[in-house]
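Reviewing the structure listed below.
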Amino acid sequence: MSDIMYGFIDYYATLVQPSLGMVSFLTNEIGNLSSAHVLDAACGGGELAHALAVSGSVVTAVESEQALLKNAKAYSMKDKVPRALQFESAPLLELPGKPGSYHVMLCLNNASSVLKDESEYQSFFKQAATLLNKGGRLVMQLFNYDMLLDYKVRELPDLVNEETGIRVQRKLRLRNDGYLCMQTELSLLRIDAKELTKQEIVIYPIRRLQIQKMLQDAGFVVVDFYGSVEGTTWQEDSPSTLFLAIRG
């Protein structure tokens, strides 16, 4: 189990909700995904992968965390399981598929934070270019590290689920070597609030211009950046960095 998920697996589904706007974003920016072969890297709870399969996409949903993978498979059983939805276990740098296998590759909800440095991001983007066919799309969503660094943000909004009474507080600290330390505290929202787990993880804060250059070096010819799934233009203070890159 990776450090970033330690202690949080049992609460992931209640804290990291699927983006209801992502399917609309993909449809608006890419077009009809019916019959498109989609790789959902780090699929989490599997909600988006399931929704895409139901809409007609052929989806390979990948998750390295076994507990999340089990939850994703269970979620797919809530409705009739689409035959075009398959689950696999693999880390981000060892994704399944032959060269040119996919029309679309997704890596959302800051799943790329497990990549430890610039070289691992370069490897990931080169892998994506290999797995995608010509004209294929890579869609990624991650923290807006430009904002976190330039605005010296030291605390992120809490992740809260009122129904289950779970809260995650996230504090940031910039190390001398340029890495970000995120201290996370998972607790119960009660009068007798109880700390469930506390940890500190180290994240490589990749900037937008770094991403753009790496993508171009990997063989992507068009890169569009957005500030949200609503398709807003990316700005330095956007809450997240979302991009769509087209393989040449």
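Nothing in this text is a laboratory measurement; each read-out follows from the coordinates by a stated rule. On a predicted model such as this, the values are computed, not experimentally measured, just so you know. All Cβ positions, glycine included, derive from the backbone under ideal geometry; neighbour counts span all protein chains shown.
So who's got an amide H within less than 5 Å of the one on residue 220, skipping anything under 5 residues away but keeping other chains? H placed 1.01 Å off N, in plane.
248
Multiply the residue gap between residue 199 and residue 123 by 0.36 nm, knock off their C-alpha separation, and tell me the result in nm, one decimal place.
24.6 nm
Compute the distance from the alpha-carbon center of region 130-184 to that of region 65-118, in whole Å.
Computed from Cα coordinates, the inter-centre distance equals 19 Å.
Residue-wise, which Karplus ³J(HN,Hα) couplings in Hz belong to region 241-248, taking 6.51 cos²θ - 1.76 cosθ + 1.60, θ = phi - 60°, and x for glycine or proline?
Listing the rounded values in order: 10, 10, 9, 10, 10, 10, 6, x Hz.
Of the peptides 158-171, 141-154, 56-69, how do they stack up when ordered by the mean number of other Cβ atoms within 10 Å, highest first?
So the order, starting with the most tightly packed, is 56-69, 141-154, 158-171.
Would you calculate a helix-derived [θ] at 222 nm for the chain, using -39,500 (n - 2.57) for each DSSP H run of n ≥ 4 and dividing by the full residue count, to the nearest 500?
The per-residue figure over the chain is -7000 deg cm²/dmol.
Go through 116/198; 73/171; 78/171 and tell me which ones have a Cα-Cα distance over 29 Å in this structure.
73/171; 78/171
Over region 147-203, what portion of Cα pair distances is larger than 15 Å, expressed as a whole percent?
Here the long-distance tail beyond 15 Å is 53 percent of all Cα pairs in region 147-203.
If you build the convex hull over the alpha carbons only and average its shadow over all orientations, what do you get for region 131-238? Give it in nm² to one decimal.
9.6
Only counting other Cβ atoms within 10 Å, I'd like 181, 107, 43 sorted with the fewest neighbours first.
181, 107, 43
Taking 0.36 nm per intervening residue step and subtracting the Cα-Cα distance, what contour gain separates residue 160 from residue 233 on full extension?
Extra length from residue 160 to residue 233 when fully extended: 23.6 nm.
When we measure straight from the Cα of residue 98, which lysines land under 18 angstrom away, once same-chain ones fewer than 8 places off are left out?
Output for residue 98: 126, 134.
Give me the three principal axis extents of region 51-92 from the C-alpha atoms, as integers in angstrom, largest value leading.
Result for region 51-92: principal-axis Cα extents of 26, 19, 13 Å.
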